[in-house]
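The values are calculated or read from the model by the stated rules, or taken from the named source; none is laboratory data. This one's a predicted model, so the numbers in the text were calculated from it and none came from an experiment. Backbone-built Cβ (ideal geometry, glycine too); neighbour counts: all protein chains shown. Each accessible area value is taken on the protein alone, full model and side chains, heavy atoms only, with ligands, DNA and RNA left out. Shrake-Rupley method; radii C 1.70, N 1.55, O 1.52, S 1.80 Å.
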Amino acid sequence: MRAVFLLAVLLVFCSRAHLLPLHLRYPASRNRIAWQKKSVGEENDVLWGHLCSPRLAWLQPQQDARLQCEIFGPTGTILTWYKDQVPINPQQMEAVEEATNSVAWKGKTPRATPTGVSKVRVRSTVYIDCASTEDMGEYSLKVQTPDHRVFTRNFTVTFTSDDGANPGPTCGIGKALVTYLPRIYQYAPQALAHIGHDITLPCRQQGQDSAVTWFLHNSPLPQDSSKYLVLSNGDLVVRRVNTQDRGMYKCRVASTLVNGLFDQIRTFLYPML
């Protein structure tokens, strides 16, 4: 009976899950850096993007919100969120490490790729569902480049006295069932890869009983290929990038319990000489 109830709840929720008003109340910080217009001559430079949430964010009780930030940096950069100095999801660090280690391809060891040659614009999110006082605290995003340079941005999340807003949709199903929603919390809207080198396109998801599928030009990528590898954390490794690899990649995370319940993102890959 519990399984039947779970499926029924998710079916009702799936039609609006990807439309939740998840932004924090106040506008993003004015400390904006448009990465397309900045000089990134240093291979391991990290630039903060313009979509970062404000350093001081106010929540209403039972609000659905998200704390987010974006960076532009070398592929293999590790992003980890903390709340009160404790990793929000310790599995994130293990998953990211997997993407930066050597991966066997068809029993062969891939050639070494120069660190920091390819760059990605990574957007990372912390979902706050049906906000309560437990969500208040000091948050931080730690960014570590492949050469172990560390950059940090801090955020304070607190409550406002205004309680006139209606409860968020996640309040109606409870946080336990929310864990079954497939949601992508980290991805790259854009990536720049030098021809001949490898690049990793992130697609980190949270949600029990879900599966990841990558597409190029809306066609599923072949699963048995020496060109592509989908890591267990959802990231896609594109080997030896060439001009034909240019285009829009799509990562879809779909529930294996409820047909039609999914989240998806798009990444545009630019090969460069």
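Numbers below:
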quantity: In the range 229-273, the residues that are more than 17 Å from Pro202 (Cα to Cα), among the aliphatic types (A, V, I, L, M) and buried (at least 16 other Cβ atoms within 10 Å of the Cβ); calculated: Leu257, Val258, Leu261
quantity: Subset of the range 205-228 [open to solvent by 50 Å² or more (accessible area, probe 1.4 Å) and in contact (Cβ under 8 Å) with a residue 24 or more places away in the chain]; calculated: Gln205, Gln206, Gln208, Asp209, Thr213, His217, Asn218, Ser226
quantity: Hits in the range 130-156 (condition: acidic (Asp, Glu) and exposed (fewer than 15 other Cβ atoms within 10 Å of the Cβ)); calculated: Glu134, Glu138, Asp147
quantity: Among the candidates Thr156, Thr152, residue that is touching a strand residue (DSSP E or B) at 6+ places or on another chain (Cβ under 7 Å), more than 14 Å from Ser53 (Cβ to Cβ) and part of a strand (DSSP E or B); calculated: Thr152
quantity: Only one of Pro182, Pro202 that is in contact (Cβ under 8 Å) with a residue 60 or more places away in the chain, open to solvent by less than 30 Å² (accessible area, probe 1.4 Å) and under 28 Å from Leu47 (Cβ atoms); calculated: Pro202
quantity: The lone exception for Ser118 - which of (1) in contact with a Ser or Thr (Cβ under 9 Å, 6 or more places away or on another chain); (2) modelled with pLDDT of 90 or more it fails; calculated: (2)
quantity: Residue in the range 157-172 that is under 19 Å from Ser255 (Cα atoms), open to solvent by less than 30 Å² (accessible area, probe 1.4 Å) and among the aliphatic types (A, V, I, L, M) present; calculated: no
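The rows are residues; the columns are (1) over 29 Å from Asp198 (Cβ atoms); (2) modelled with pLDDT under 90.
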| position | (1), (2) |
| --- | --- |
| Trp48 | no, no |
| Cys52 | no, no |
| Leu56 | yes, no |
| Asp64 | yes, no |
| Gln68 | no, no |
| Ile71 | no, no |
| Thr80 | no, no |
| Val86 | yes, no |
| Glu94 | no, yes |
